[in-house]
Amino acid sequence: MKGGNKMKDRAVIILSGGMDSTTLLYDIINRGYDVKAVGFNYGQRHKRELECASATCKKLGIEYKVLDLNVLNQVAPSALTREDWKVPEGHYEDDNMKQTVVPNRNMVLLSLATSYAISVDAKKLFYGAHSGDHAIYPDCRKEFVDKMAEVIKICDWKEVELEAPYWNIDKGDIAIRGKELGVDYSLTHTCYNGLEVACGKCGACQERLEAFKKAGVEDPVKYE
C-alpha cells in the first residue's frame, strides 16, 4: 500500500466497564490497534458497568458488542450474581471476598471472546487481569494467562495471541497509567453492589479508592 497508509492490526478487548479494562482500552488504542470491544451480561448485579463501557466506546468511536451469558448465573452462583446473597464488605484481599468469585468465569469469557476475535480477523485478544486480583481470583493468575494463551493460539487455524499486560502491576499502577492516557474514569463503574452511588465499603470500592490515592488524583465517581 502506497503513501504509508499501512493497515492497523486488529485487536479485541474484553471490556467490562471497570477501571482496569477501560484503561487497557485506551492503552491499546494508543498502541495503534484497530480495536473492537466485547462485554458480557452474565447476570452480574453490577451490570451498570456495561452501560459505562458502552458510553466509553461511544466516546472513543469503538464498536462494542455485548453477549448474553446469563447461563453462567445458573451454574456458577456468586455474591456477584445472586441478589439474595449479600456482597461482603472489607478489603479486597480479605478471605470473605472469595464469595465474589464466579467459578471459571474468565475461561468462559475468554473462550467466547476468542471466537469473536477469530470471526473479525483480530490478531490479538486483551483482558485486564492485574496483580491485585491474584489473591482471590484464580483465573487472573499468570499461570492461568499463560495456559489460556497456549490454548487460544492453537484452537483455530487463525492464530490469536492473548495478552494480559497488567498482570504484574496493581490497580494503583493502572490508575497512574490511566492518568497518563487521559482516561475518563467518570465513565467507569467498580462497586459490586451496582448502585448509582458507590457503596465505598465492598472490596472493589476500597481497592479503587486506594488506587486513586496512589495515583494522586481524585476519583470522579460519587460514594455514599
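Readers should treat all values here as calculations from the given coordinates under stated rules, not as data from a laboratory. On a predicted model such as this, the values are computed, not experimentally measured, just so you know. Neighbour counts are summed over all protein chains in view; Cβ atoms, including those assigned to glycine, are modelled from backbone coordinates with ideal geometry.
Structural remarks
- Remark: the range 105-110, residue by residue, has Karplus-estimated 3J(HN,Hα) of 4, 5, 5, 5, 5, 5 Hz, where x stands for each Gly or Pro and the curve is 6.51 cos²θ - 1.76 cosθ + 1.60 at θ = phi - 60°.
- Residues whose placed amide H lies under 5 Å from that of ASP34, excluding near-sequence neighbours: ASP9, ARG10, ALA11
- Mean Cβ neighbour count within 10 Å, used as a protection proxy, ranking 157-166, 172-181 highest first: 172-181, 157-166
- Taking the fewest neighbouring Cβ atoms within 10 Å as the starting point, the ordered list for MET148, MET19 is MET148, MET19.
- ILE14, ILE28, ILE169 arranged by Cβ crowding within 10 Å, fewest neighbours leading: ILE169, ILE28, ILE14
- Sequence-ordered 3J(HN,Hα) estimates for the range 8-21 from the Karplus curve with 6.51, -1.76 and 1.60 and θ = phi - 60° stand at 6, 5, 8, 9, 10, 10, 7, 10, 7, x, x, 4, 5, 5 Hz, glycine and proline given as x.
- Near GLY43, the amide H atoms lying under 5 Å from its own belong to LEU69; only residues 5 or more places off or on other chains count, and H is placed 1.01 Å from N.
- For LYS65, the residues whose amide H sits under 5 Å from its own are ALA37, VAL38, GLY39, ignoring neighbours fewer than 5 places away on the same chain, with H placed 1.01 Å from N.
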